[in-house]
Structures are given as C-alpha cells and as structure tokens.
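What follows is one structure encoded as structure tokens, with my remarks underneath.
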Amino acid sequence: MSKIDLSNARIMITNDDGYNSAGIMLLKEISEEFSNDVWIVAPEFEKSGASHALSFQNSLTLKKHDERVFSVNGTPSDCVVIGIQKVLKEKSPDIIFSGINSGCNVGEDVTYSGTIAAAMEGIIRKIPSIAVSQNYESGKKNEIVWDSSKKFLKEILSNLTSIGWSDNTFMNINFPHCLSKDVKGLEITSQGNRENDDLVLYEVEKNEFRFGLKRRIEDNVSNLSNNSNTSSSSSMTDVQAIANQYISITPLHIDLTHSQSLDYLKTSLNTDIK
C-alpha cells in the first residue's frame with residue numbers, strides 16, 4: 001500500500017455501534033484534525049457481533065442525517081459497500097476507519113466483530129482500512145474511559161499512514177482500559193486468545209435464547225486473561241498487550257490458510273483418490 005497523506009485524503013468512517021455512538025463521534029473528531037473530507041456511513045442501530053454478514057434477504061435503506069453523515073439499516077459490511085458504491089461513488093474514499101468500538105477486539109473477537117469486518121470489507125475493495133477499539137472495565141460499558149484513544153490515536157494514525165502496509169492487510173488497533181498516563185507503551189502484536197470464553201448464552205424463556213458477553217455484565221471479573229496462542233516472531237499477543245495496559249497494533253488479513261497444516265497435509269495425506 002502506498003503512503004497516504006491524510007491531509008488530502010477522503011476518509012470514510014464506519015463502525016458496528018451505530019452512526020451516532022460516542023466512539024464514532026470521537027473518531028470523526030480526530031479524523032477532521034487531518035482532513036476536511038470526512039464522511040460517516042454506519043449502521044442505523046448497533047450491530048455488534050454482526051461479523052462479515054451482508055444483508056442478502058432484506059432491502060436496505062440509506063438515511064442522510066447531515067451533509068456527510070449517513071446511516072444504513074444493515075451491517076457494517078453493508079455500510080462499507082453502500083458507502084463506496086453509492087454515497088461516495090463520484091470519488092472513492094482513500095482510507096476507511098472503523099470504530100472507535102466500545103470494547104476491545106482482540107483474540108477470538110476478530111471473528112465476531114462487525115468493526116473488524118468493516119475494515120476487512122474495505123481491503124476486499126482495495127481501500128486501505130484500519131479498525132480501532134477501546135477496552136473498558138467489565139460491566140461498565142456505559143462508563144468507557146476514552147482517554148488513551150483521545151491522547152494517542154491521532155499520532156498512531158499519522159505514523160501508520162506515513163509508512164504504508166501490504167495491500168491485502170488491514171490494521172487492528174486496540175487501546176487498553178486506563179488513563180493515558182498509565183499506558184505502558186505500544187506493541188506490534190499477533191492475534192491471541194483468551195483462557196475463558198467471553199460468550200454467554202441466556203435462556204430468556206423456554207426455548208428462547210439470547211447471546212451476551214461477560215465483559216458487559218460482570219463487575220467483578222478481570223478484563224482479559226494473559227493466556228495466548230503462539231506469538232509470531234516473539235511478539236506479544238493482542239490479548240497480552242491489552243491486559244497489561246499496552247496499546248496493540250495487529251496486522252490482519254483475510255487469508256485464513258494455516259500454512260503449517262498445509263505443509264503437513266501435503267506430506268502426510270494420501271491424495272491419490274481412486
């Protein structure tokens with residue numbers, strides 16, 4: 001990916017928390033410190049956990065709320081497609097920012113997250129993309145401390161876009177739950193995993209169920225464990241970084257091939273089909 005001059009860039013912002021959420025408003029404010037060409041195309045309602053879904057079965061409605069603020073009654077991925085092909089069809093965005101998500105997107109989160117999926121949809125459409133998330137204290141989603149995002153995100157975005165990265169890769173930035181003065185530093189990380197499942201299944205009534213996240217409902221649990229899978233090149237994992245009050249930047253891509261298994265299967269599996 002070529003370097004991007006944010007001062008001359010058309011920036012499109014989306015998320016999975018909704019077009020008027022606190023996180024997206026903060027990201028818009030920071031983006032407008034770079035450029036006067038900033039657009040929001042985001043879900044009308046919260047779509048957390050939507051992952052990379054596209055709405056094939058239902059019609060989608062685009063609503064204009066301000067000169068450069070639009071919502072779609074669909075998923076984050078829907079918003080990216082409609083944003084590029086309809087809202088900004090005369091001139092595509094130079095970069096997509098997805099976030100700032102309420103809650104971290106590390107470890108297994110990246111498979112569920114609509115915030116991550118929006119950035120993924122961006123690179124599928126050949127547009128450099130960055131996902132941004134802010135961790136919070138378990139059980140206190142309505143009391144998010146945005147201090148570290150406010151303090152450091154502008155500089156991080158400036159530095160990342162000034163160096164560029166691979167065309168088939170997007171950046172996943174996570175901020176720890178702490179004041180900016182307590183951030184221990186910035187780590188380039190690999191994707192990790194939690195020791196305990198964060199997903200909760202409720203039976204609301206007989207044979208009626210809802211999903212939830214422990215971090216949203218429990219006041220007396222640790223935000224993240226330090227458990228992680230094998231790191232790449234001795235790097236810290238995203239799970240470890242956020243648990244230990246580091247800002248995490250993880251390069252992610254859509255190629256899900258496990259190269260070690262590929263080599264193992266090629267040498268071990270009998271492929272002579274008769």
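Some observations on this one:
- Just one of the numbered conditions (1) part of a loop (DSSP other than H, G, I, E, B); (2) in contact (Cβ under 8 Å) with a residue 60 or more places away in the chain; (3) crowded, with 19+ Cβ neighbours inside 10 Å is not true of S2: (3).
- The residues listed here are I130, I144, I188; of these, the one that is in contact (Cβ under 8 Å) with a residue 24 or more places away in the chain and out of contact with any helix residue (DSSP H, G or I) (no Cβ under 8 Å at 6 or more places or on another chain) is I188.
- Count - residues of the stretch 58-109 that are farther than 25 Å from I144 by Cα, aliphatic (A, V, I, L, M) and touching a residue at least 40 places away in the same chain (Cβ under 8 Å): 7
- Any hit, the stretch 230-243, residues being of a type in the set (G, A, S), at pLDDT below 75 and surrounded by fewer than 10 Cβ atoms within 10 Å (Cβ to Cβ): yes
- Here N168 meets the list (1) loosely packed, with under 14 Cβ neighbours inside 10 Å; (2) among the polar types (S, T, N, Q); (3) more than 21 Å from S51 (Cβ to Cβ) almost entirely, failing just condition (3).
- Considering the stretch 125-142, and only residues there that are farther than 19 Å from I40 by Cα and surrounded by fewer than 24 Cβ atoms within 10 Å (Cβ to Cβ), the residue that is modelled with the lowest pLDDT turns out to be G139.
- Filtered by the rule that a residue be within 16 Å of M171 (Cβ to Cβ) and not hydroxyl-bearing (S, T, Y), the stretch 241-254 gives A241, I242, I247, I249, P251, L252, H253, I254.
- Helices (runs of 4 or more DSSP H) wholly inside the stretch 18-126 that include at least 3 residues being within 18 Å of the chain's Cα centre (by Cα) and within 25 Å of N8 (Cα to Cα): 22-31, 76-82, 114-124
The values are calculated or read from the model by the stated rules, or taken from the named source; none is laboratory data. For clarity, every value in this text was computed on a predicted model and none was experimentally measured. With ideal geometry, Cβ positions are generated from the backbone for all residues, glycine too; neighbour counts draw on all protein chains shown.
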